[in-house]
Amino acid sequence: MEIIIEPDAGALADRAAQIVFAELARKPDLVLGLATGRTPIGLYERLRTKPEAFADVRFFNLDEFFGLGPSDPNSFNAFFYKHLLNHVKFQAKNVHLLRGDVKDLEEQAQLVEDRIKVVGGIDLQILGIGRNGHIGFNEPGSSLGSRTRPKTLEPETVAHYGGSIPNLAITMGVGTIMEARRCLMLASGADKAEIVCRMVEGPIMSEVPATALQMHPRAAAVLDEAAASKLKRRDYYKWVFANKWRVGQK
Ligand code: GLP
């Protein structure tokens, strides 16, 4: 996993936006996997500065609460419209967000898996990490080969949302996420330092689903100093990033 350490949450968002815009410049009809949470909000604010850049982007997302429709302010669909889609140019036919307001979550899961195949796979998947090591809503113990499916949430996850959300969600699987061509994990704040350390330097295990990213051929974690503070090889990662080979280098 490539580790990029930035001074603070603002610089982290700048770096993440730079990576997304570079992907958009390379492929204007990028298949972009979105993530919710407080962490990517700064990224979405920066993406909004180029509204035209999203006209041909195909949008997917990681997860959604069971039973919540896009008009529910607690839904992740509402989150994406509030923080990104309402501010950029996009085509409705290109929005493939998981829906929680369906009768059959398994059918919805299969539908989105099929759509990902039809568009040729996800090019860039944005990720955050839960304090328990989840990615999407792949809670600890999730199979590292799992596909998009309904998932029961940990009581701690429900409590994190103030208890005002359902116990059930639909989430892209760890295996589905791992098929994205590029993964961009964002983590900020001291409360993420411990789990970031386990994700990057700990053993790969379903107990910490985010550790699967160690097996991904092209995953980067953009961290702020606080989230990186417990990494044993922090200085080495900074050295590698400062000295890495870059396209066009002589
Ligand atoms: C939720 C989402 C995750 C996200 C996590 C972290 O649980 N399902 O996809 O990564 O929150 O959120 P935050 O960035 O607010 O810490």
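The values are calculated or read from the model by the stated rules, or taken from the named source; none is laboratory data. Owing to the predicted nature of the structure, the values given are computational and were not obtained by experimental measurement. All Cβ positions, glycine included, derive from the backbone under ideal geometry; neighbour counts span all protein chains shown. Calculation scope for accessible area: heavy atoms of the full protein, side chains included, ligands and nucleic acids excluded. Shrake-Rupley method; radii C 1.70, N 1.55, O 1.52, S 1.80 Å.
For the reader, a short list of remarks on this structure follows.
- Förster radius 45 Å - calculated FRET efficiency between residue 71 and residue 236 (Cβ-Cβ, nearest 0.05): 0.40
- Kirkwood hydrodynamic radius (C-alpha pairs) into Stokes-Einstein, segment 1-143, 10 °C and 1.306 mPa s, D in µm²/s: 100 µm²/s
- For a label point 7 Å along the Cα-to-beta-carbon line of residue 8, residues of segment 169-203 with backbone N under 13 Å: 189
- The chain, helix-only ellipticity at 222 nm - DSSP H runs n ≥ 4, -39,500 (n - 2.57), divided by all residues, nearest 500: -9000 deg cm²/dmol
- For the chain, a crude dipole built from +1 on the beta carbon of Lys and Arg and -1 on the beta carbon of Asp and Glu, taken about the Cα centre, is about 900 debye to the nearest 20.
- On full extension, the segment bounded by residue 250 and residue 21 gains 80.0 nm, given 0.36 nm per residue less the C-alpha separation.
- Between segment 93-130 and segment 194-209, the Cα center-to-center distance that results, in Å: 25 Å
- Of all DSSP-defined beta bridges confined to the chain, some 30% are antiparallel rather than parallel.
- Links that overshoot a 22 Å alpha carbon limit, given the list 50/93; 27/117; 27/151; 117/192; 50/82; 192/232: 27/151; 117/192
- In this structure, the amide hydrogen of residue 127, modeled 1.01 Å from its nitrogen in the peptide plane, lies closer than 5 angstrom to those of 184, 185, 186, counting only residues at least 5 positions away or on a different chain.
- Largest to smallest principal axis extent of the C-alpha atoms in segment 131-216, angstrom: 34, 31, 20
- Förster radius 30 Å - calculated FRET efficiency between residue 218 and residue 52, Cβ distance, rounded to 0.05: 0.65
- With each label modelled as a point 7 angstrom along the Cα→C-beta vector, the residue 89-residue 205 pair spans 5.1 nm.
- Cα shape, the chain, gyration tensor, a/c 1.5 rule: oblate
- Heavy-atom accessible surface of segment 149-234: percent carbon and sulfur, 1.4 Å: 52 percent
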